[in-house]
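For reference, the structure is listed below as structure tokens.
The values are calculated or read from the model by the stated rules, or taken from the named source; none is laboratory data. All figures in this text were calculated on a predicted structure; none of them were measured in a lab. Every residue, glycine as well, gets a Cβ built from its backbone with ideal geometry; the counts of neighbours run over all protein chains shown. Only protein heavy atoms, including side chains, enter the accessible area calculation; ligands, DNA and RNA are left aside. Shrake-Rupley method; radii C 1.70, N 1.55, O 1.52, S 1.80 Å.
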Amino acid sequence: GLRMIKSSLELRKIKKATQIAVKALEHIRHFLKPGLKEIEVAGELERLIRIHGGHGSSFDIIVAAGAHASCPHHRTGNTRIAPGEPVLIDMGVDYEGYKSDLTRVLFLGKINVLAKKIYDIALQAQHRALRKIKPGVPINEIDHAARHFIADKGFGRYFLHNLGHGIGLDVHEDPHISAKEKALFKAGMVCTVEPGIYLPGKCGVRIEDMVVVTQEGVEILSGSLNK
């Protein structure tokens, strides 16, 4: 319980861990190309994390090409990225003991129509959730906001996990951003907001950002709402 509200020092370290992750992902947009192995992309991210001052990745980096992204916890392997395949990357940074956790879907060449459709739905769901976060709001309300939107679009059964989780010294810590969480948001909480849609054997998307609850509402630590 004491760890749910971050001090100013903790927030500085979490923000730094997030900034390093954002820099690594921006670089990888230009590094990606057809023919690279998933594991080669993960290795490049590890290198970038250390160059920019991180201790290392905060968990095993997920690089999931094409249909592999339909598995939320895909194990990065030797699969080569094919032309036109979307690539899901889930990665984070350990900076002085504090963690970050971000997910992006990158499109190579011609955009897969189905992947783009579910990406847009997940992004809109995330926007709806983020706009509801402020002190005093029940945490389960933002899970509902994203989950109900995805369900209304016909993909409810393909959203397979909670909307997010607290993060700090551990990648996953309280509070759980789930439909069952009855606690209220408080200023100083740091969590992820990560709606996802996973179509078995076809494709999958997850859009994950880190936020801190402020006295006025929410600050997105990993960039703007526009991706």
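Once you charge only the Cβ atoms, +1 for Lys and Arg and -1 for Asp and Glu, what is the size of the charge dipole of segment 1-104 about its Cα centre, to the nearest 20 debye?
320 debye
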Original post:
Per residue, how much accessible area does segment 4-70 show when a 1.4 Å probe rolls over the protein heavy atoms, in square angstrom?
Top reply: 47 Å²
Subject >> Eligible aspartates and glutamates near LYS202 by straight Cα distance, threshold 12 Å, same-chain separation 8 or greater >> reply: GLU85
Original post:
What residues qualify as long-range amide H neighbours of GLY77, i.e. H under 5 Å apart, gap of 5 or more or another chain, H built at 1.01 Å from N?
Top reply: GLU38, ILE39
Original post:
Looking only at TYR158, TYR98, TYR198, which one moves most when the chain is put into a Gaussian network model with springs between Cα atoms under 10 Å?
Top reply: TYR158
**OP:** Could you name the lysines whose alpha carbon sits less than 19 Å from that of LYS16, not counting residues in the same chain fewer than 8 places away?
**Re:** LYS6, LYS99
Original post:
Per the Kirkwood definition applied to all pairs of different Cα atoms, how many angstroms is the hydrodynamic radius of the chain?
Top reply: 17.5 Å
Original post:
Between GLU141 and LEU114, what is the spin-label point distance in nm, taking each point 7 Å from the Cα along the Cα→C-beta axis?
Top reply: 3.7 nm
**OP:** Evaluate the charge dipole of the chain about its Cα centre and quote only its size in Debye, nearest 20, assuming +1 on the Cβ of each Lys and Arg and -1 on the Cβ of each Asp and Glu.
**Re:** 480 debye
**OP:** State log₁₀ I(q)/I(0) for segment 112-225 at q = 0.10, 0.11, 0.12 Å⁻¹ as given by the Debye formula over alpha-carbon point scatterers of equal weight, solvent excluded.
**Re:** -0.27, -0.32, -0.38
Original post:
Carbon and sulfur together cover what percent of the accessible area of the chain at a 1.4 Å probe radius?
Top reply: 52 percent
Subject >> LYS134 versus ARG75: modelled label distance in nm, points set 7 Å from Cα along the beta carbon direction >> reply: 4.6 nm
Subject >> Signed unit charges on C-beta, dipole axis of segment 86-227, positive-most listed residue THR214, THR103, PHE149 >> reply: PHE149
Original post:
So what is the calculated 222 nm ellipticity per residue for the chain, using -39500 (n - 2.57) for each DSSP H run with n of 4 or more, over all residues, to the nearest 500 deg cm²/dmol?
Top reply: -10500 deg cm²/dmol
Subject >> Point-charge dipole on Cβ atoms (K/R +1, D/E -1) for segment 141-203, about Cα centre, debye to 20 >> reply: 300 debye
